[in-house]
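The values are calculated or read from the model by the stated rules, or taken from the named source; none is laboratory data. Note that the coordinates shown come from a computational prediction; the quantities given were computed from them, not determined experimentally. Glycine gets a Cβ as well: all are built from the backbone with ideal geometry, and neighbour counts include every protein chain shown. Side chains included, ligands, DNA and RNA excluded: accessible areas come from the protein's heavy atoms. Shrake-Rupley method; radii C 1.70, N 1.55, O 1.52, S 1.80 Å.
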Amino acid sequence: MAKITREWDEILKDEFSSPSYLKLREFLKAEYSARTVYPSMYDIFNSMKLTPFDDIKVVLIGQDPYHEEGQAMGLSFSVPKGVPLPPSLVNIFKEIEDETGAGGFASGDLTGWAKQGVLLLNAVLTVRAHAANSHKGKGWEEFTDGVIKKISAKKENVVFFLWGANARAKKPLIDGSKHLILECAHPSPLSAYNGFFGCGHFVKANEYLIKHGKMPIEWSSL
């Protein structure tokens, strides 16, 4: 079984013992030994290590990790300090600035969000270098679907950001009667003008959290 934290390990014990995950583990052992794979095997579960289950307020679902050297860090949309901002993250920061007036993001490291309760979860947690979606269909989807189902079932009043078709496909896993689901186009330059810009999701999320007695997210605090 993978080791994340004692809390997450207990919550996900069924996922870690499933035939799908055991098969995925064997695939990953072969990939990491023979190929360049991102992120580092020690960073695969960073989203959950940095955001305890009990602290989750927002879930931001990405597709799969960045596939160029030095970018992936186990958090959806995030890159380490000093790494140039990917285009989707540039657009995310632009939307935050338009909504809240907060700007001047010097870094793409979203660890500050994770520590405030934003689970930065990719649907697929690993990728082969220079090959987007190369680990699609290997078992990660079943695992992360299980994570989303657990959050939906065991928690209340969580905000789910579903940006783009891949993320929106997760909507049936979420109980919309006790959580807030916010959907729009992906922030990629190819689609951001089709509904991501102007979505208002960052303000709407905080209004919802405050309404339900939770501290809002300081989106400018990275």
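Rolling a 1.4 angstrom probe over the protein heavy atoms, how many square angstrom per residue are accessible across the chain?
46
Please give the length that would be gained between residue 177 and residue 132 if that part of the chain were fully extended, namely 0.36 nm times their separation in residues minus their C-alpha to C-alpha distance (nm, one decimal).
Once the chain is fully extended between residue 177 and residue 132, it gains 12.8 nm.
Report the gain in length on full extension from residue 20 to residue 55: 0.36 nm times residue separation, minus Cα-Cα distance, nm rounded to one decimal.
So the chain would gain 9.8 nm between residue 20 and residue 55.
For the pair residue 190 and residue 156, what calculated FRET efficiency results from E = 1/(1 + (r/R0)^6), where r is the Cβ-Cβ distance and R0 = 25 Å, to the nearest 0.05?
Computed FRET efficiency for residue 156 and residue 190: 0.10.
Order 144, 5, most accessible first, counting only protein heavy atoms with a 1.4 angstrom probe.
So, going from the largest accessible area down, we get 5, 144.
Report the residues of the stretch 69-111 in range of a label on residue 220: point 7 Å along Cα→C-beta, backbone N strictly under 19 Å from it.
Residues passing the 19 Å test: 90-111.
Leaving out ligands, DNA and RNA, and with a 1.4 Å probe, what % of the accessible surface on the chain is carbon or sulfur? Please list the in-between numbers first.
Numbers: 5290 of 10220 Å².
Of the solvent-accessible surface of the chain, carbon and sulfur hold 52 percent.
Using +1 at the C-beta of Lys and Arg and -1 at the C-beta of Asp and Glu, which of 148, 60, 116 has the Cα lying farthest in the positive direction of the dipole of the chain?
Of the options given, the answer is 148.
Along its principal axes, what span do the Cα atoms of the stretch 157-222 show, with the longest given first and each in whole Å?
Ordered largest first, the stretch 157-222 gives principal extents of 37, 30, 19 Å.
About the Cα centre of the stretch 73-222, how large is the charge dipole given +1 on each Lys and Arg Cβ and -1 on each Asp and Glu Cβ? Please answer in debye to the nearest 20. Walk me through the numbers before you get to the answer.
Numbers: 17 positive and 13 negative charges, 105 e Å.
Approximately 500 debye in magnitude.
Multiplying the sequence separation of residue 27 and residue 3 by 0.36 nm and subtracting their Cα-Cα distance, what value in nm do you get? Can you show the working numbers first?
Working: separation 24, 0.36 × 24 = 8.64 nm, distance 1.78 nm.
Value of the extension gain: 6.9 nm.
Run through the stretch 20-93 and list the GluC sites (Glu not before Pro) located in a DSSP loop whose Cβ has at most 15 other Cβ atoms within 10 Å.
Passing sites in the stretch 20-93 are 68, 69.
On a 1.4 Å probe surface of the protein chains, which of 13, 211 comes out largest in accessible area, and what is the full order?
211, 13
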